[in-house]
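What follows draws every value from the coordinates through simple rules; no lab data is involved. Keep in mind the model is a prediction, meaning the values are calculated, not measured. Counting neighbours? That spans all protein chains shown, and the Cβs are built from the backbone with ideal geometry, glycine included.
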Amino acid sequence: MKPLKTAAELRAAVAGTAPPRSCSCALGACDGWESLAEYRWEEAQMTRVATLHDTDIDEPMLEEFHPGGTRYDSPQAPVAVSFFPYNRCDVWHCGRCDRHLLRYIEFGGYNVDPRVRALDPTKIMD
Ligand SMILES: [Zn+2]
């Protein structure tokens, strides 16, 4: 799967699908980053549709992008495709609620912590 590198590519990848229904799946709203430790990832209804993770890069940048003073887990934080953690995310589509979801694995200490955030196309930027 060829990684998407720009906001325009990501917008195009998620455009043209049905508008999301209000969520009925176990993930909840996840407007900001949530740990999957507390939510269920229902594999059977999820399809991986794109990736932002360029595996040719050994260690994607860890810098975050918050021009509006948001924080990592702010619901209003921009989806800045080349910045952490978006630069290591896969893009998934939920067949139940038609949302697109961003997902990556946070590695910390001894645990491996999958994180998920619903993708709001209006927050995508370079
Ligand atoms: Zn869903």
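Quick notes
- Put in order of Cβ neighbour count within 10 Å, fewest first, the listed residues Ile124, Ile57 become Ile57, Ile124.
- Residue with peak Gaussian network fluctuation, the chain [Cα springs, cutoff 10 Å], from Gly69, Gly95, Gly32: Gly69
- With R₀ fixed at 22 Å, the C-beta to C-beta distance from Thr47 to Tyr110 puts the FRET efficiency at about 0.10.
- Label point 7 Å beyond Cα of Thr122 along Cβ direction - residues of the range 97-115 with amide nitrogen under 16 Å: 100
- Residue exposure sequence - His100, His66 - by fewest surrounding Cβ within 10 Å: His66, His100
- Sparse packing (at most 16 other Cβ atoms within 10 Å of the Cβ) combined with a DSSP loop state is found for the following chymotrypsin sites (Phe, Trp or Tyr not before Pro) in the range 77-122: Tyr110.
- Note on Leu62 and Thr17: with the Förster distance fixed at 41 Å, the Cβ-Cβ geometry gives a FRET efficiency of about 0.85.
- Alpha-carbon centroids, the range 16-31 and the range 52-93: separation in whole Å: 21
- Residue order for Cys25, Cys94, fewest other beta carbons within 10 angstrom first, comes to Cys25, Cys94.
- When the helices of the chain are scored as -39500 (n - 2.57) per DSSP H run of n ≥ 4 and the total is divided over every residue, the value at 222 nm lands at -1500 deg cm²/dmol.
- Its convex hull of Cα atoms gives the chain a direction-averaged projected area, equal to a quarter of the hull surface, of 7.9 nm².
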